[in-house]
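Chemist: This is the structure, below, for whatever I ask next.
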Amino acid sequence: MIDSSTLILTIMWGAAIGCIYVLLATGLNLIFGVMKLVNFAHGELLMIGAYIGFTFVTALGVNVYLAVLLSMGVVALIGIGVERLTFRRVLGAEKLNEIFVSLGLILIFDNVAVLLWGDKSKRLISPFENLSLNLGEASIRVDWLIAILIVIIILIALLFLIKKTKIGMAMRATSQRGQTSMLMGINIERIYVLTFALGAALAGAAGVLYGIIFPFDPYVGSLPTIKAFAIIILGGLGSIPGAVIGGLLYGIAEQIAVITLGSIWRDAVAFAVLIIVLVLRPEGLFGKRGE
Amino acid sequence: MFTKDIFSWMKQSTKSAKFYIFAASALFAFIIPLFFSDSLSIRVSTLMALFTIYASSWNLLATSGQGSLGHAAFLGIGGFTSSLLALNLDVPPIIGIFIGALFSAVIGFLIGLTCVRLKAWFLGMVTFGFAVITETLVSHFDEFTHGVMGFRTAPLVPLGLPFYYLALIIAISCVIIIYYIMKSKIGLAFRAIHQNESEAKMVGINTAKYKLYAFVISTFIAGLAGGLYAHFLRYIRVSIFTPANSFEPLMMSVIGGLGTIEGPIIGSIMLVAIDSYLPNIDQLLPIVHGTFVGPYLRLLGLGIFLVIVVIFLPKGVSSLLRKTYKYLRSSLKEDKK
């Protein structure tokens, strides 16, 4: 039986991991919602983000949490490059082609990362490394709490961008009717680039936070992508609140599976849930029929 | 004179030309050990035949619009079934590989029941997830599967030439079977579903049924490839389920030419050749971060190649061959005038 301190620890741990999934899933959801693009290489942007943060921290000695911002910027630029060079050329044609391009990108990013940074696992050392908060018998690393806080700030900023600004309005319009919004004078190609860059920036932030919480290596990106997709499917395609709640629940559920069933079940449980949901509802938990 | 004869059949109907090209390639594959009889060449040729089977199975599924990202699950199920049957029940591997293929097809049928209702990316997710689940289950029931540490598999036929010819015969049979499936009504339905599923449904094709057919046939062949692969390596462990093994047939089919018969064959020959012969130059390359850069550069090149093929050559390398062939034919016709 799980005692209460383990439970608190598990939930906090799950929430911290969940936050990373939330950022990834939100970015993917944004890209999917606006561009109808399925980017299986999204997690590679997380991995690259972690390494870029690592480079900033080790080479320039910047604070890890400042590196979150810097990494967001750099990964957004990489995202622009990726969108313009690859995805734009296959967009809207065949769905399978997007998956193939993503797989090519996974190979490219993984191996570029190995060549640039080596394949040994690395960590981002935060200044609060040894600081932890004692809650009863469970002690919670301050970094987890900061990570959760940063994710909340980023999500609020994102919501503001989408709901209150003109660009956000153009993005929402494009996601509803691409063709019509083009007729209304929206430069949808620019919106596509912006959306992709925004999604990439979220992945970049997720990467640095990931690096603070876990050790990372060049192959760290693939599984979180698939899990982020699972979260999107569970939470509803195109729904950002769905991605947030789904991501948090998923992170916690995964940790509970690990402590109750053992760590080899970490990934399998997630997919089992996903497959069961899709058996019952092929369009996802909150997806619309016919979408 | 002789070249004229060759060109004269090229001018005949494409159907017989296709047959001759196929027969010539098959014959070439049969006699190639006469020229390259060292053990490495035979090993590489065997791998090419095995991956032709595996990639063709993936390609058949993709022809019906279903891109699996977890075909390694079926490769592994076929491999483990056959190896475990030989280990525990002394089933001769030549029968075992077919039992493995059948079992893989049964599992494929069950997974297919879910998958046929899903869209491209949902299907990708589910198949990928299924490979992860299979790997976990095989590791979890280790006392039964011995998958974590792996075990030595029984010999099917002696490695070297006998194995090569067995693999080749099975590969050729699979290609012929797939060719006839694609020519039949089922193949037509697959292509219709691939192009536009709702329209296919509208004209009265039972899309779910045909997609399930594709799943069962494809997983049967993938399981067969898995059995052969396990007995070829003489070793099996859970690493057979790695995503790399799932992506391999995808890359082979896409690079070779998606939805064509020759695509997976050309793709697997190219990729296996790259994997087998390029490492020879690894020592010449510099060492970065304490590791040889060769393997990573190869994978990087493969990634770039894949993206370039998808963007600029959506019908794969084989479409280049077709174009050359058509160009030759048309230039011949001009000559006649």
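Chemist: So which of B:73, B:171 ends up being within 22 Å of the chain's Cα centre (by Cα), touching a residue at least 40 places away in the same chain (Cβ under 8 Å), surrounded by 17 or more Cβ atoms within 10 Å (Cβ to Cβ) and closer than 25 Å to residue A:226 by Cβ?
Modeler: It is B:73.
Chemist: Quick one: which of B:160, B:150 is touching a Ser or Thr at 6+ places or on another chain (Cβ under 9 Å), exposed (fewer than 15 other Cβ atoms within 10 Å of the Cβ) and more than 14 Å from chain A (Cβ to nearest Cβ)?
Modeler: Selected residue: B:160, the only one of B:160, B:150 that is touching a Ser or Thr at 6+ places or on another chain (Cβ under 9 Å), exposed (fewer than 15 other Cβ atoms within 10 Å of the Cβ) and more than 14 Å from chain A (Cβ to nearest Cβ).
Chemist: I've got another one for you. Can you name the residue in the stretch A:30-71 that is touching a Leu at 6+ places or on another chain (Cβ under 9 Å) and not in a helix (DSSP H, G or I) and, of all such residues, is surrounded by the most Cβ atoms within 10 Å (Cβ to Cβ)?
Modeler: Per the stated criteria, the residue is A:39.
Chemist: From the list B:136, B:114, which one is without any contact (Cβ under 8 Å) to a residue 60 or more places away in the chain, within 9 Å of another protein chain (Cβ to nearest Cβ), under 30 Å from residue A:92 (Cβ atoms) and not aliphatic (A, V, I, L, M)?
Modeler: B:114
Chemist: Determine if the stretch B:284-300 includes at least one residue that is of a type in the set (Val, Ile, Thr), more than 9 Å from every other protein chain (Cβ to nearest Cβ) and within 11 Å of the chain's Cα centre (by Cα).
Modeler: The answer is no; no qualifying residue exists.
Chemist: Is it the case, given these coordinates, that residue B:281 is in contact with a helix residue (DSSP H, G or I) (Cβ under 6 Å, 6 or more places away or on another chain) and either within 14 Å of chain A (Cβ to nearest Cβ) or of a type outside the set (Lys, Arg) (or both)?
Modeler: So residue B:281 does not fit the description; no.
Chemist: Report yes if some residue within the stretch B:310-328 is over 19 Å from residue B:17 (Cα atoms), at the interface with chain A (Cβ under 8 Å from one of its Cβ atoms) and not in a helix (DSSP H, G or I); otherwise report no.
Modeler: For the stretch B:310-328, residues over 19 Å from residue B:17 (Cα atoms), at the interface with chain A (Cβ under 8 Å from one of its Cβ atoms) and not in a helix (DSSP H, G or I): present.
Chemist: Could we say that residue B:99 is without any contact (Cβ under 8 Å) to a residue 60 or more places away in the chain and either under 20 Å from the mean Cα position of the chain (by Cα) or under 21 Å from residue B:147 (Cβ atoms) (or both) here?
Modeler: yes
Chemist: Looking at the stretch B:227-271 only, could you name the residues that are in contact with a Phe, Trp or Tyr (Cβ under 6 Å, 6 or more places away or on another chain) and hydroxyl-bearing (Ser, Thr, Tyr)?
Modeler: B:253, B:268, listed by residue number.
Chemist: Kindly indicate which of B:150, B:187, B:124 is in contact (Cβ under 8 Å) with a residue 24 or more places away in the chain and touching a strand residue (DSSP E or B) at 6+ places or on another chain (Cβ under 8 Å).
Modeler: Exactly one of B:150, B:187, B:124 is in contact (Cβ under 8 Å) with a residue 24 or more places away in the chain and touching a strand residue (DSSP E or B) at 6+ places or on another chain (Cβ under 8 Å), namely B:150.
Chemist: Additional query: I'd like the full set of residues that are surrounded by fewer than 24 Cβ atoms within 10 Å (Cβ to Cβ), within 14 Å of chain A (Cβ to nearest Cβ) and closer than 20 Å to residue B:168 by Cα, limited to the stretch B:209-265.
Modeler: Hit for the stretch B:209-265 is B:248, nothing else.
Yes/no per residue for (1) of a type in the set (Phe, Trp, Tyr); (2) surrounded by fewer than 16 Cβ atoms within 10 Å (Cβ to Cβ); (3) touching a Pro at 6+ places or on another chain (Cβ under 6 Å):
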site: A:73; (1), (2), (3): no, yes, no
site: A:77; (1), (2), (3): no, yes, no
site: A:85; (1), (2), (3): no, yes, no
site: A:100; (1), (2), (3): yes, no, no
site: A:112; (1), (2), (3): no, no, no
site: A:125; (1), (2), (3): no, yes, no
site: A:129; (1), (2), (3): no, yes, no
site: A:139; (1), (2), (3): no, yes, no
site: A:145; (1), (2), (3): no, no, no
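Chemist: What number of residues within the stretch A:83-119 are more than 7 Å from chain B (Cβ to nearest Cβ) and assigned to a loop (DSSP other than H, G, I, E, B)?
Modeler: 4
Chemist: What is the residue count in the stretch A:85-112 for residues that are basic (Lys, Arg) and modelled with pLDDT of 90 or more?
Modeler: Result for the stretch A:85-112: 0.
Chemist: Sort out for me the helices (runs of 4 or more DSSP H) sitting completely within the stretch A:173-291 that have 2 or more residues that are away from chain B (no Cβ under 14 Å).
Modeler: Where helices (runs of 4 or more DSSP H) fall fully within the stretch A:173-291 and carry at least 2 residues being away from chain B (no Cβ under 14 Å), they are A:178-183, A:188-213, A:240-261.
The values are calculated or read from the model by the stated rules, or taken from the named source; none is laboratory data. This is a predicted model, so every value here is computed, not measured. Backbone-built Cβ (ideal geometry, glycine too); neighbour counts: all protein chains shown.
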